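Below: one structure, written as structure tokens.
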Amino acid sequence: VGSRHLTTHDTSYISGTIIDGNQSGSVVTFESGETSMAVLSGFTIQNGNASYGGGISIDNNSQPNLTYLTIQNNTATGTHYLLGGGGLYIGGYSGIVTISNVLIINNSSASRAGGVRIGNADPIFTNVLIANNFSENQGGGIGTYTGSNPTLINTSIINNSSNGEVGGIYNYNSTDM
């Protein structure tokens, strides 16, 4: 699924084509084992509100490609330690998820990982900005948990904060990035 950015390469379509969650769950969900053939490109994903993955939730062996997105102003409300990921949640043995040319900004979590929560997955981030996200507990920008092996290429993690441990990247029992 893509905006007109997909065919025109005009970046104004990213900010002009908005998928708004209206504070009623994850804005976009991949939960049925989608393969790398599933592509989401050229949108602003905003105003999601869910226990985990307020903006985008990727679970159950799903491996989509996310490109040219702005993921902003989303919230993860769950307080259980397995929840979080205000902007993006990647879990459930999802393997390799590709995230490229994406902004993950101004998201929050009542638990862990304001920007991105990764558990049992191996995402590849290329040309990504993770900024101005907040978590109540750990990992304002990114939280990586058991069985994760994320790869960060030309990825900036700036100005994220947490009331608990670590504003930038919190890593628990995962392979080093």
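Brief remarks follow.
- Single match in G42, G16 (criterion: at positive phi and of a type outside the set (V, I, T)): G42
- Residues located in segment 109-132, provided they are surrounded by 24 or more Cβ atoms within 10 Å (Cβ to Cβ), modelled with pLDDT of 95 or more and polar (S, T, N, Q): S109
- Cβ-Cβ contacts under 7 Å between residues 6 or more apart (or on different chains), taken from a first residue in segment 44-61 that is farther than 10 Å from G92 by Cα and of a type in the set (F, W, Y) to a second residue that is surrounded by fewer than 24 Cβ atoms within 10 Å (Cβ to Cβ) and modelled with pLDDT under 95, are listed as Y52/G78; Y52/L83.
- Out of S32, S36, one residue alone is closer than 15 Å to I99 by Cα, assigned to a loop (DSSP other than H, G, I, E, B) and open to solvent by 20 Å² or more (accessible area, probe 1.4 Å). It is S36.
- Here segment 14-29 is the region considered, the condition is being under 19 Å from T98 (Cα atoms) and assigned to a strand (DSSP E or B), and the residue that is least open to solvent (accessible area, probe 1.4 Å) is V28.
- Which listed residue is touching a His at 6+ places or on another chain (Cβ under 8 Å), polar (S, T, N, Q) and closer than 21 Å to N107 by Cβ, from S24, S41, S15, S3: S41
- Restricting segment 137-152 to residues that are touching an Asp or Glu at 6+ places or on another chain (Cβ under 8 Å) and in a loop (DSSP other than H, G, I, E, B) leaves a set whose member that is nearest to V116 (Cα to Cα) is G139.
- Residue match in segment 57-70 (condition: touching a Lys or Arg at 6+ places or on another chain (Cβ under 9 Å) and not aromatic (F, W, Y)): no
- Being in contact (Cβ under 8 Å) with a residue 12 or more places away in the chain, of a type in the set (S, T, N, Q) and closer than 18 Å to Y68 by Cα holds for only one residue in S36, S26, and it is S36.
The values are calculated or read from the model by the stated rules, or taken from the named source; none is laboratory data. From a predicted model like this one, the values you see are computed outputs, not experimental measurements. Please note: Cβ atoms are built from the backbone with ideal geometry, for glycine as well, and neighbour counts cover all protein chains shown. Accessible surface areas use protein heavy atoms only, side chains included; no ligands, DNA or RNA. Shrake-Rupley method; radii C 1.70, N 1.55, O 1.52, S 1.80 Å.
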